[in-house]
Amino acid sequence: MADHLVQDLPRLDAATADALADGRLGDPFAVLGPHLDRTGRIVRVFLPGAQQVDVCSRDGRPLGTLRPSEPPGLFAAHVEGDDPYRLRIHWPGGVQETEDPYSFGLLLGDLDLHLFNEGRHFELAFCLGAQPLVIEGIRGVRFAVWAPNARAVSAVGDFNSWDTRRHPMRVRHGAGVWELFIPRLGPGMRYKYAIIAADGSRLPFKADPLARATEAPPATASIVADVVPFQWHDEDWMAQRAGLQRADAPIAIYEVHPGSWLRPNGDRRLTASWDDLVDHLVPYARDMGFTHIELMPVAEHPFTGSWGYQPLGLFAPSGRFGPPEGFARFVDNCHRACIGVIVDWVPAHFPTDPHGLARFDGTALYEWLDPREGVHQDWNTFIYNWGRREVQGFLIASAVHWLENFHVDGLRVDAVASMLYRDYSRAAGQWIPNIYGGRENLEALQFLKHLNSVVPERCPGAVTIAEESTAWPGVTKPVADGGLGFDYKWNMGWMHDTLRYMAQDPLYRRWHHHDFTFGLLYAFSERFILPLSHDEVVHGKNSLIGKMPGDYWQKFANLRAYFGFMWAHPGKKLLFMGDEIGQWTEWSHDSEVDWALLDHPAHRGLHRLVRDLNRQYVEQHALHECDANPNGFRWIVGDDTANSVFAFLRFGHPDTPPILAVCNMTPVPHYGYRIGTPRAGSWREVLNTDAAYYGGSNMGNGGGLHTTPMPSHGEQQSVELVLPPLATLLLRAGD
């Protein structure tokens, strides 16, 4: 190469050179890579620490050597021809060959950027973030991140020794998305983004909001995920799941915190992997007759003690349990065992960890700026700005990602009540009214309706479930009819009322009778799930068995009777892990289920009861076919406060035999208790929570009995029952 061509290279101005040297260059493609001047093609690279940089053609033909320039680390020279080239970099420890990241053109398409800005790009998981790609025949990783108010952004990671100077990115103006293709990278590489805010301050390295894999906490780096498609084996399940999740289907959910369900070798220091849970949790749930497993949030979250409810990686299964493909294997195996998978999903708030979404580009990008809108006072977290299109699209794309790419069957949307009201948990003067002066959060409403319109369109058969603790109308009403569009809603009122009743000494239950019956006044106003969730067995609330009054025997009898009432009551069922065995201690995320209790007869009996309740719930169609239809329920005895006896009928389709449920919530047995029935003939006792098999006193009705033509409770036929103490009976008409 002629010396005069080297000498004639234009020098960088001082400001550009300083920005390049300090990792603050906002327009790297204006300086680096190939450029044409009057004498030919100039190639510049910035490789601090390199000793020599040669340029060769893609087939290895030498094209020249780049000369050191200013600032230190900059190499430049005229290079012959205009063919694609390769760099041969001489480092102190060896030689590296790679293509020049700054020789590639624009990466993201205009349509992608437009849809992102409109909040309607629902495949963001494969657009932004770190995407292994082949561009111009070269394998590498395309990085893309939204940071519209940043002055400069660089990709940092294992591939460049976390040097903020090595890989500055290009901004796509208008969209505010920064992009860069780095050749010869692949899955497994750790990375983050180095961001310079508009005021020139350097932010802490930021994890990728669109990362599909992460390090296991307490480490916080994002990981380039593999793009090899998972080989699913759940075609049969996916084809039938819509029918298995309808309002007339039996849905019995086992709620699980995957980190504390089982500890390998009982060691608290160890966390089970997804493959461990495939081996143990899946067969257990199937044997117990649960139709679904609901996982507390598995999206990546920095603080284990948040139980996943303060997530930062909304597209990545937590690295605590293994790689993303491990989670896919878990879902696949659940489906092959005919078990659906529901995942708790948290669009209500996010933590303020400096490596996360908080002030992501130096501004309130994902959150509301005003703390009266943007800070959740209960949890000291930030609240998403649902009114911003890009944020709304980001959240919906996350929901779609779990449903489409991991075949998850449903999302339980956490803390919906906190989203609906601008004054949620705020005193006067601590909140901002909506544009009409009201307390309703119009932006959150629009977001939830948008979410529940997109999900059924893109993910047929999947369901969304609201944890909504107020009386907001139309939570499960279709969006087209003015509702929020959820498929189901947790019935928090039923849970609190009935647990308050059960905590009473039976002697005083007569004065709290309405707590057990009140839920039927609104049971069909929404499509409900009856939850006995993790929230009821933590923070000093005691375990379920611990809430029950009486001596040791009575505590178990009370809980068995309560479970019988719950499974007979209209609404889908949810039970938190450990409650099925009568665990005495409150749940702790640092421990595991106290499986040793199954060696004790009372605990083993309760365990058997839950399994049989699940099976009866499926087999007795009257217990589920009309769950959301008031015609599926009729009180027979709802006013016997003196004896604390409740009796009601459950009906299914016209040809389905009805079920009579009778609960005696005192320790006093009743003989000859007459109850009217809608059908003459035999009524078979299909379940008795007082059976000796479950740990009871074994009182009952000999497996069944016949009606007599004696009117009672408005019916022309009736039966005389033996009501065991603290027990629930289920009787079916016919055979």
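The values are calculated or read from the model by the stated rules, or taken from the named source; none is laboratory data. Just so we're clear, the structure is a prediction, and the values are computed from it rather than from any experiment. Counting neighbours? That spans all protein chains shown, and the Cβs are built from the backbone with ideal geometry, glycine included. Ligands, DNA and RNA are stripped out before the accessible areas are found, and what is left, the full protein with its side chains, is counted by its heavy atoms. Shrake-Rupley method; radii C 1.70, N 1.55, O 1.52, S 1.80 Å.
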For the chain, accessible area per residue (1.4 Å probe, heavy atoms of protein chains only), Å²: 38 Å²
More than 25 Å apart - percent of Cα-Cα pairs taken over region 435-572: 40 percent
Whole-number percent relative contact order across region 1-159, with pairs defined as alpha carbons under 8 Å at least 6 apart: 19 percent
The chain, relative contact order [Cα under 8 Å, separation at least 6], %: 9 percent
With every protein chain in place, region 632-720: carbon and sulfur % of accessible area (1.4 Å): 53 percent
Accessible-area composition of region 458-535, carbon plus sulfur, in percent [1.4 Å probe]: 57 percent
R0 of 51 Å, Cβ-Cβ distance S201-D639: FRET efficiency to nearest 0.05: 0.15
The chain: mean projected area of Cα convex hull, nm²: 35.9 nm²
Dipole axis of region 521-620 (+1 Lys, Arg; -1 Asp, Glu on Cβ), positive-most option in Q554, S591, V618: V618
Compactness relative to 2.2 N^0.38 Å, alpha carbon Rg of region 488-539: 1.21
Full-stretch length increase - L111, D27 - with 0.36 nm per residue and alpha-carbon distance subtracted: 28.0 nm
Square roots of five times the Cα gyration tensor eigenvalues for region 233-301, Å: 26, 13, 12
Per residue Cα convex hull volume in Å³ - calculated over region 419-507: 135 Å³
Cβ-based charge dipole, region 475-517, positive-most Cα from W490, T476, F516: F516
Gyration tensor (Cα) of region 152-293, equivalent ellipsoid semi-axes in angstrom: 41, 21, 15
Potential extension, W232-A249 segment - 0.36 nm per residue separation minus Cα distance: 3.6 nm
q = 0.19 Å⁻¹: log10 I(q)/I(0) that the Debye formula gives for region 111-201, counting C-alpha atoms only: -0.91
Anchor K192: lysines whose Cα lies under 26 Å away (excluding residues fewer than 8 positions away in-chain): K206
Efficiency of FRET between E97 and N629 - r from beta-carbon atoms, R0 51 angstrom, step 0.05: 0.15
Helix-only [θ]222 nm of the chain, DSSP H runs n ≥ 4, -39500 (n - 2.57) each, per residue, nearest 500: -6500 deg cm²/dmol
With 5 Å bins from 0: P(r) over region 284-407, alpha-carbon pairs, percent: 2, 11, 18, 21, 17, 13, 8, 6, 3, 1, 0
Under the Debye formula (equal points on every Cα, no solvent term), log10 I(q)/I(0) of region 77-122 at q = 0.14, 0.23, 0.28, 0.32 Å⁻¹: -0.60, -0.87, -1.06, -1.12
Region 664-706: mean projected area of Cα convex hull, nm²: 3.6 nm²
Relative packing of 375-385, 571-581, 259-269, 313-323, which averages over residues the other C-beta atoms within 10 Å, highest first: 571-581, 313-323, 375-385, 259-269
Viscosity 1.306 mPa s, temperature 10 °C, Stokes-Einstein D of region 613-735 from Kirkwood C-alpha radius, µm²/s: 110 µm²/s
For region 287-341, diffusion coefficient by Stokes-Einstein and Kirkwood Rh (Cα), 20 °C, 1.002 mPa s, µm²/s: 177 µm²/s
Cα-based equivalent ellipsoid, region 1-148: semi-axes from gyration tensor eigenvalues, Å: 30, 18, 15
Pairwise FRET efficiency - R684 versus L598, Cβ, R0 = 22 Å, nearest 0.05: 0.15
Cα gyration tensor category, rounded, prolate or oblate, for region 587-671 with a/c compared to 1.5: oblate
Size of electric dipole in the chain: Cβ of Lys, Arg +1 and of Asp, Glu -1, about Cα centre, debye, nearest 20: 500 debye
Region 599-735, dipole about Cα centre (Lys/Arg Cβ +1, Asp/Glu Cβ -1), debye to the nearest 20: 140 debye
Reachable aspartates and glutamates from K555, criterion Cα separation under 12 angstrom, eight or more residues apart if same chain: D505
Segment H173-A15, length gained on full extension (0.36 nm per residue, minus Cα span): 54.7 nm
